[in-house]
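Have a look at the structure below, then the notes.
The values are calculated or read from the model by the stated rules, or taken from the named source; none is laboratory data. On a predicted model such as this, the values are computed, not experimentally measured, just so you know. FYI the Cβ positions are ideal-geometry reconstructions off the backbone, even for glycines, and counts take in every protein chain you see.
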Amino acid sequence: MKILAIDTSTLSGSIALLEDDRLLAELTTCIQKTHAERLLPSIQSLLKTIGAKADDIDSFALTIGPGSFTGLRIGLSTIKGLAWSLKKPVVGVSTLQALAMNVPYSDMQICPVLDARKKEVYAGIYRFQDSECLCIMPDAAISPTTLIEQIQEPTIFTGDGIQVFKSQISSLKSQIVFAPSHLWPIKASNIGLLAWKRFKSGNMDKPENIRLNYLRPSEAELKPSFFLL
């Protein structure tokens, strides 16, 4: 099964093509271009590089949040369009679970953190058990202070939230390890691997059933509405 996986949840972006659990090609970028500008051209370039065509893809996978509202919408609309046109199934994966996969097989629990702005991070707690990445604390939009209160044992932090809130998180010096910065970007290969495990068990979605998990309302939803009577 060939799986095309993408991530558009942060400023960086990632695309990968897998054959079952084997990586065929991956492109991860950290450049100041919008996902709307680069996503489709990057997919086309990746496929061309390995001599593959869109018709060769058997299934799609993407991160469904949390993350940038705009980036997530662009990713979803792109994958929905491709999946509908090719009549292929889709799997949506937690952004934070995919990020936790950057630190596989650790004996310590893993806390992926993304900058959520408004003095919050998107965070969850995961642990590897029998090669499976299990969720210990559900993904949440949370203040660094509240997150620190949840850390009761040695923990590896990874993700761009480290850069923003490292000084606050460092109050737990004896309990934490910061992953090196090359392990902070989300990798589409991890998304594809998580999706492959779900495809094997028959747990997949129709494109129209995929829902994004923002974890909190958008700015537009927070603004009051005024109606003239």
Between a first residue in the stretch 95-108 that is exposed (fewer than 15 other Cβ atoms within 10 Å of the Cβ) and a second residue that is of a type in the set (A, V, I, L, M) and assigned to a helix (DSSP H, G or I), which pairs have beta carbons less than 8 Å apart while being 6 or more apart in sequence or on different chains?
none
Has the stretch 143-151 got any residue that is part of a helix (DSSP H, G or I), in contact (Cβ under 8 Å) with a residue 24 or more places away in the chain, outside the structural domain of P89 (by TED's automatic domain parsing) and crowded, with 22+ Cβ neighbours inside 10 Å?
yes
Residue check, I125 crowded, with 17+ Cβ neighbours inside 10 Å, in contact with a strand residue (DSSP E or B) (Cβ under 6 Å, 6 or more places away or on another chain) and either among the aliphatic types (A, V, I, L, M) or over 28 Å from I6 (Cβ atoms) (or both):
yes
Which ranges mark the strands (runs of 3 or more DSSP E) fully within the stretch 1-96 that have 2 or more residues being more than 19 Å from N203 (Cα to Cα), touching a strand residue (DSSP E or B) at 6+ places or on another chain (Cβ under 8 Å) and of a type in the set (S, T, N, Q)?
22-29
Of D115, D139, which residue is farther than 22 Å from N203 by Cα and not in a loop (DSSP other than H, G, I, E, B)?
D115
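Of all residues in the stretch 60-94, which are more than 18 Å from I186 (Cα to Cα) and surrounded by 23 or more Cβ atoms within 10 Å (Cβ to Cβ)?
V90
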